[in-house]
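Report on the structure given below.
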């Protein structure tokens, strides 16, 4: 061991720094600093053991690979923390015991915290210097009480600080070159970014008195700027689709962060299908700040194009060390309930930030309680501001009688939402009732430019085949690889601008955030939030006196549970609000029916059950019973398990596949990122039933579709079910 205990001191210093930065100046910051310092100082106490020292020396031995087993060095620190401080020591013991393997369950039939704390076959510790052994534990921050969930989150946050600190300290010792590539963030980075965003907004021409859309977009900007100085907490930003939420919310967030000393803005979107569009808009504006030393924005999601990722941004994505983060709701929420080191490492950077939750109405009812609880905890105790952005604000405010899990102390940024929605009303909504597929196809043929959105891929394919053959017909679904969809959307936008015939049949992937502007939209009956999103693709930029959106009850009544349930709720409101189905009163009523009346499902996976996070003062050996690993396993926003298949879509895809076929080429991150652009997720059953259509590579890690002539079409993407012989096979070079 380094006689100066170099690694321990470095990790202790970094952990303390990260822990203190989660809070504004005050008692909580100082307490967190001391807890972080001690966690870092004790995390590797097991390495003082002579056996560990012998193990380290053996690593330089050419026969090191003959040494069997691993030396457990993390349990010793956890046991020491509990021995030194029988109650508070457990808060340190969880992070210390899990700093390599991940946070453990308190009790389990497998590896667990209880077993680690009584483990007796540890190497005997050598001399631990007094200055390391005898450190006292500070009192916990004053906001912590006997609330088990709050205490468990605080412990998870300390774990995040420790893991990040340990990674960075080890990297600095082992790979200084990589350390030097990490993001060099200027102290005034948030101010520089705010100036660029505001300059872009202010560069838009002043709208004239007849330009209702841009006049109201200006109103949204002004309201956001005016609200930025308000105290941190939870805000709602209720703006109609097309009202300029992206840049306005970002202007609010950056100005708010400057006013309150917050370190970053985290932009959370619900779907990977829209994330790149939003990211590119922001990236283009802040491009002047990009340099070899500084990456102001990182995207953290599965569909990131490899050419947009640098070594610097890759490293920053590991711990979200950048001023602006753009990620998905799955990545955001699942990380906050994660147990693995790689997922938890970034959590301390969520604290003391501004989180923009785009399309906030997409919170699933089965995880509603834990998602709202974690947002409230972050806002109440971690100097984090949450902004819920949507055109259809979900009714998730606290009510002491019927919605006790709701968010408290929410503030609306827009001063007069009613007037804003009235001014931006550029779409007439029509209800058609029951309509056959043949009738819908006939109606679509009556329009030169029209979008039809349905709830099922199969239904979209069937309707597309019923359209009269001709140029300008398009189909969109997630069965097409991201690169394919990107190119199709480019063609659609170009034809719309040129006034050419453009008829599109799509699943719901086109609804949220995809910037297309049709004069007419048809939407199969779904939830009011989905209907509002569909209407947002209609006359989006006010180019027509009035757009028209038609709601119909489709012949196809099958579909995912979510769409069946939300459509049933929306159907109840058709007669109640015939003239204002998307008005704020109707929207509130919709979420009242959908959320409030399904209280049994608010936490259907038992994330917040008593057994998940509880205190037991009677159990002196384990007073804190936090089931971290089980909670992480159960908290999966996307339950529908899918497997990826790679599509040889174009020459670039075929080159990437050739690299996979070459065993001498390592599987590196850039290769994986490239492959993601050509990957489609399908059910395992579908792949297994058609396994001869795939080539398995790298010990079955990757599956490449080889029969593209039969099973991938230019219209539908992957197709194994039904007869799509009328669609031409894909050939794109």
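Every read-out reported here was derived from the displayed coordinates using simple, explicitly stated rules and does not represent laboratory data. Source: prediction; values computed, not measured. Using ideal geometry, Cβ is built from the backbone for each residue, glycine included, and neighbour counts are taken over all protein chains shown.
Quick rundown of the values:
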{"quantity": "The chain - share of DSSP beta bridges that are antiparallel (%, nearest 5)", "calculated": "25"}
{"quantity": "Equivalent ellipsoid semi-axes - Cα gyration tensor, segment 425-580, angstrom", "calculated": "22, 18, 15"}
{"quantity": "Segment 189-420: C-alpha gyration tensor shape, a/c 1.5 cut-off, then a/b vs b/c", "calculated": "oblate"}
{"quantity": "Nearest 10 degrees, 0 to 90: helix 148-174 Cα axis against the chain principal axis", "calculated": "80"}
{"quantity": "Cα-only Debye scattering, the chain: base-10 log of I(q)/I(0) at q = 0.05, 0.08 Å⁻¹", "calculated": "-0.27, -0.71"}
{"quantity": "Hull volume in cubic angstrom per residue (convex hull over the Cα atoms of segment 643-718)", "calculated": "89"}
{"quantity": "Degrees separating the helix 189-203 axis from the principal Cα axis of the chain, which is the longest one", "calculated": "10"}
{"quantity": "Residue-span extension gain [residue 448 to residue 555] - 0.36 nm each, minus C-alpha spacing", "calculated": "36.2 nm"}
{"quantity": "Shape call, segment 545-702: gyration tensor on alpha carbons, a/c limit 1.5", "calculated": "oblate"}
{"quantity": "Computed over segment 643-718: relative contact order in percent, which uses C-alpha pairs under 8 Å that are six or more apart", "calculated": "40"}
{"quantity": "Mean-position separation - Cα centroids, segment 225-282 and segment 151-189, in angstrom", "calculated": "26"}
{"quantity": "Stretch gain in nm, segment residue 184-residue 611, where the contour uses 0.36 nm per residue and the Cα spacing is subtracted", "calculated": "149.4 nm"}
{"quantity": "Highest average packing first - 562-568, 450-456, Cβ atoms within 10 Å", "calculated": "450-456, 562-568"}
{"quantity": "Value of relative contact order over the chain, rounded to a whole percent, pairs C-alpha under 8 Å and six or more apart", "calculated": "13"}
{"quantity": "Mean ellipticity per residue at 222 nm, deg cm²/dmol - from DSSP H runs of n ≥ 4 across the chain, formula -39500 (n - 2.57)", "calculated": "-12500 deg cm²/dmol"}
{"quantity": "0 to 90° range, to nearest 10: angle between helix 74-84 axis and the chain longest Cα axis", "calculated": "70"}
{"quantity": "Where labels lie 7 Å past Cα in the beta-carbon direction, separation of residue 585 and residue 498 in nm", "calculated": "4.7"}
{"quantity": "Likely footprinting exposure, 520, 239, fewest C-beta neighbours within 10 Å first", "calculated": "520, 239"}
{"quantity": "Sorted by Cβ density within 10 Å, fewest first, the residues 206, 428, 299", "calculated": "206, 428, 299"}
{"quantity": "Residue order, fewest to most beta carbons within 10 Å, for 159, 702", "calculated": "702, 159"}
